[in-house]
Every structure is written in structure tokens, then in C-alpha cells.
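Data block below; observations after.
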Amino acid sequence: MILTDQPWLEAAATRRGMAALEAAGGPDCARFVGGCVRNALIGEPVDDVDIATTLTPEQTDRAVRAAGLKAVPTGLAHGTVTAIADHRPYEITTLRRDVSTDGRNATVEFTDDWAEDAARRDFRLNALYADLEGRVIDPTGEGVADAQTGRIVFVGDPATRIREDYLRILRFFRFFAWYGRGEPDAPGLAACAALAPGMSRLSAERVSKELLKLLAAPDPGPAMAAMDAAGVLARVLPEGAVSPAFAGLVRLSDDPVLRLMVLIPADPTATAEVSRRLRLPNRMRDRLAAAALAGAEVDPSMTEPHLRAAIYRHGGRAVADALLRRSAEQPEQRSALDALLGALEGWEPPRMPVGGRDLARLGVPPGPQTGRLLKAFEAAWIADDFPAEGHAARLEALVREGRG
């Protein structure tokens with residue numbers, strides 16, 4: 001089989017990088033590998049172009065520099081050098097075989113045997129290579145067929161592959177979400193279920209990154225349902241549940257954070273625990289927390305002034321997230337919730353129109369009384385739907401009441 005009509009394969013930058021390697025190691029020393037070959041076969045976009053080579057990392061580095069390209073030693077211990085050609089990065093990795101693994105990290109030795117390199121890869125559809133002319137090499141004999149029919153099958157024995165790196169359990173479901181069709185491979189699914197306890201060895205960052213990639217798939221529903229049935233979801237999200245609301249949210253949004261949000265209870269305490277355990281980035285943690293708080297105020301029957309008050313307190317994004325969640329949970333109220341989402345667009349919360357200086361001009365010295373008066377003013381201003389005028393009179397009345 002030959003890949004055709006692939007701009008990345010024909011690009012001058014790609015050919016410069018491959019020519020640099022072949023000048024050092026001969027015509028069969030480098031091949032494209034993995035995702036770029038798989039996606040080209042099935043007509044999916046190719047974002048990253050990875051190259052495998054028989055050259056050692058040091059030879060790769062010298063070859064890239066000799067060709068006038070930039071070389072970045074991104075992972076020398078595991079054999080990876082990144083070449084920059086025409087501002088485009090190409091990860092070049094020396095063929096490897098595993099010497100030992102602990103379920104999380106592997107000690108590798110470099111090899112010049114393409115079959116050994118293929119044997120240590122996770123799934124047959126990822127153990128595909130192609131040369132500069134686009135000729136596809138399929139060492140397992142099943143990778144091309146798997147890619148074309150949507151089968152996610154481990155290379156060799158599934159349990160062996162998983163014990164090498166327990167993250168492959170999540171990768172099994174992630175690749176099924178993106179590329180799978182029909183039912184998950186039964187032996188692979190059984191191995192994932194049996195070995196799920198080994199996921200406790202993984203770092204939280206690796207788990208959360210893989211989970212979010214899974215949730216970003218066009219329709220992660222079948223993969224998540226299989227993951228739940230296999231007991232894997234409970235290992236990652238003990239609070240999680242694949243409910244009808246999850247399917248509803250998938251139809252409403254392709255945002256993986258929103259999809260994660262609807263998997264867990266709309267409770268600030270539960271949300272904080274998930275963020276802590278998965279070590280989510282601060283921005284994502286704060287988004288989940290804000291939406292959980294806003295969710296207590298969001299209701300299909302709320303008026304537009306109540307909506308604006310919620311936006312003022314929690315932010316527009318938090319309220320929008322809470323509305324989308326409620327829409328997924330209550331599809332019968334979708335029209336009312338859609339109307340609220342429409343009303344939310346374009347409205348920016350005004351700034352508090354008075355401050356401590358205004359109170360000082362009225363003779364209120366700095367201190368606790370200032371804070372109490374400003375809080376009272378703000379509460380009344382919000383309740384009146386943020387009037388644009390009359391602030392001085394309102395503040396004077398509050399001061400008089402306080403003195404009385």
C-alpha cells in the first residue's frame with residue numbers, strides 16, 4: 001500500500017529532514033511511524049510527523065546539524081531528537097527494545113531491528129511505518145486492517161503490553177473513542193479490566209492528560225461506557241458516572257472540560273477533590289470550581305436580572321458552563337436554558353460604582369464600617385439590576401442609617 005495526496009509527505013521540510021538522516025545512515029535508515037501513517041491511511045488530519053531511525057541519538061543529532069537544521073535533544077535517554085525544518089518540528093526516535101519496565105517507566109536499549117521496535121508499541125494500528133515514497137510497512141501484518149476497520153488491538157499479548165505501562169489501559173479507551181468502531185476488542189478489554197488496579201502506579205498528570213484527550217473525541221460515549229463497565233472509570237473518577245446527562249452534554253459541546261464536569265457531582269467539595277487528585281492545571285481547577293458554585297444559582301425559571309446577578313458573582317463563563325450542564329441534565333427545559341444562554345451573550349458585568357473614597361468624603365473613616373457599608377451598597381445595587389445612576393444618594397442613605 002502507498003500513501004498518496006499527503007501534503008506533509010511531500011513537503012520540502014519533511015524531505016529535508018529525511019534526506020539528512022539518509023545521508024548519514026543510508027536509504028532505509030529512517031521511516032515515518034505511528035499516528036501520521038495511521039491517520040493518512042484513514043483520511044484523518046495529520047498534525048504531528050514522527051520518524052523512527054536506526055541511527056543512534058548522537059548520530060541523529062550530528063546528521064540533523066550537518067544538514068543545517070536545528071536539533072533539540074528532547075529525550076536523549078529514550079532516543080528522541082527533535083529536528084526543526086522550516087519552523088516545523090519532527091520527532092526522530094531511535095529504534096528501541098525494552099530491557100525492563102515497572103508499569104510506569106521503561107529502561108530501553110537501542111536497536112536496528114524494525115520488528116523489535118514494532119513489538120514494543122502499544123496497538124497494531126500504531127505499529128505502522130512508511131518510507132519517503134509513501135510505501136507502508138506493517139510488521140504485525142494487521143495494523144493496516146485495524147486502522148481501516150476501526151479495531152484497537154494490542155501488539156502481542158494485551159496483559160504484557162499493559163504491564164509495561166499501565167497508562168495503556170486509558171490509551172486503549174482513548175484510541176477506541178477516536179478511531180474505534182463496533183465493540184471494543186474483547187481480549188484487550190478483559191486485560192484492561194483485570195489489570196486496572198495497576199493504574200495506581202501512574203502519576204496523576206499522565207492520567208488526567210490521557211482522560212482529557214479521550215473526552216475530546218467527537219463522541220466519547222461508547223468508550224466511556226466500556227470504561228465504566230470494565231471498572232476503569234472507578235479507578236480514575238470514583239465519583240464519576242456515565243449518565244444520560246453525559247450523552248446530552250456530548251451533543252451540546254465538544255469541550256473536554258465541560259464533559260469532565262458533567263461526569264462528577266455538581267458539588268464544590270467533590271469538584272475540588274477531583275481537581276486535587278488529578279492535579280488539574282490551575283485554570284481548569286478554577287473553572288470547575290466556579291461552575292460548581294454558579295450551578296447552585298442557575299435555574300431554567302430564573303429571570304434575566306437574576307442571570308446578570310449570577311454573572312456578576314461568578315463570571316460569565318462559569319454561568320454559561322452551569323447552564324450547559326443544566327441543559328444536558330434537563331433536556332425538557334432546553335429552550336428556556338438556551339434563551340438564558342442567549343441573554344448572557346454580550347453582557348459585561350459593570351464595575352462597582354463606589355468605593356472607600358466615596359465613604360471617606362461622607363465622613364466615614366477607614367475600617368470595618370467601610371467594608372460593611374460597601375457590602376450593603378453592593379447587595380442593593382445587584383438586587384436593583386445594576387442601576388447606572390443614583391449611587392451618591394443611595395450611599396448617603398446607607399451612611400445615615402448606619403449613624404442612626
## Note on the structure
Relative to the chain, whose Cα atoms define the longest principal axis, helix 334-344 and its Cα axis are tilted in degrees, nearest 10, by 80 degrees
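Nearest 5 is fine: what % of DSSP beta bridges in the chain come out antiparallel, could you say?
Percentage antiparallel, nearest 5: 85.
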### Query
According to a simple spin-label model (label point 7 Å from Cα along Cα-to-Cβ), what is the distance in nm between D267 and D384?
4.0 nm
### Summary
In vacuo Debye sum over C-alpha of region 106-172, base-10 log of normalised intensity I(q)/I(0) at q = 0.24 Å⁻¹, listed in q order, is -1.10
### Summary
Place a point 7 Å from the Cα of R62 in the direction of its beta carbon; the residues of region 12-35 whose amide N falls under 20 Å from it are 17-31
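Taking K and R as +1 and D and E as -1, what net charge do the other residues with C-beta under 14 Å from the C-beta of I51 add up to?
-3
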### Query
Taking only protein heavy atoms and a 1.4 Å probe, what accessible area per residue, in Å², does the chain have with all protein chains in place?
47 Å²
### Query
Could you give the length gained on full extension between E348 and T74, defined as 0.36 nm per residue of separation minus the Cα-Cα distance, in nm?
94.3 nm
### Task
Multiply the residue gap between E332 and D113 by 0.36 nm, knock off their C-alpha separation, and tell me the result in nm, one decimal place.
72.9 nm
### Query
Carbon-plus-sulfur fraction of the accessible area of the chain, 1.4 Å probe, in percent?
51 percent
#### Entry: Pairwise label distance in nanometres, D254 with E44, each label 7 Å out on the Cα-Cβ vector
1.3 nm
### Query
Tell me, which longest segment in the chain has none of the GluC sites (Glu not before Pro) that fall in DSSP loops with at most 13 further Cβ atoms within 10 Å?
134-344
### Query
How much net charge surrounds R135 when only the other residues with a Cβ under 12 Å from the Cβ of R135 are counted, with Lys and Arg +1 and Asp and Glu -1?
-3
### Query
What's the extension gain from R97 to A204 if we count 0.36 nm per residue and subtract their Cα-Cα distance?
35.9 nm
### Query
At q = 0.07, 0.13 Å⁻¹, what log₁₀ I(q)/I(0) does a Debye calculation on the Cα points of the chain give, no solvent, two decimals?
-0.49, -1.09
#### Entry: Counted charge near A12, where neighbours are those whose Cβ lies closer than 13 Å (Asp, Glu -1; Lys, Arg +1)
+1
### Message
Taking amide H atoms as placed 1.01 Å from N in the peptide plane, list the residues 5 or more away in sequence, or in a different chain, whose amide H sits under 5 Å from that of V155.
### Response
F123, R124
### Hydrodynamic radius by Kirkwood, which averages 1/r over all alpha carbon pairs of region 24-100, in angstrom
13.0 Å
### Query
How big is the accessible area of W178 in square angstrom, nearest 10, if you roll a 1.4 angstrom probe over the protein chains?
110 Å²
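The values are calculated or read from the model by the stated rules, or taken from the named source; none is laboratory data. On a predicted model such as this, the values are computed, not experimentally measured, just so you know. So basically every Cβ, Gly included, is an ideal-geometry build from the backbone, and we count neighbours across all protein chains shown. Accessible surface areas use protein heavy atoms only, side chains included; no ligands, DNA or RNA. Shrake-Rupley method; radii C 1.70, N 1.55, O 1.52, S 1.80 Å.
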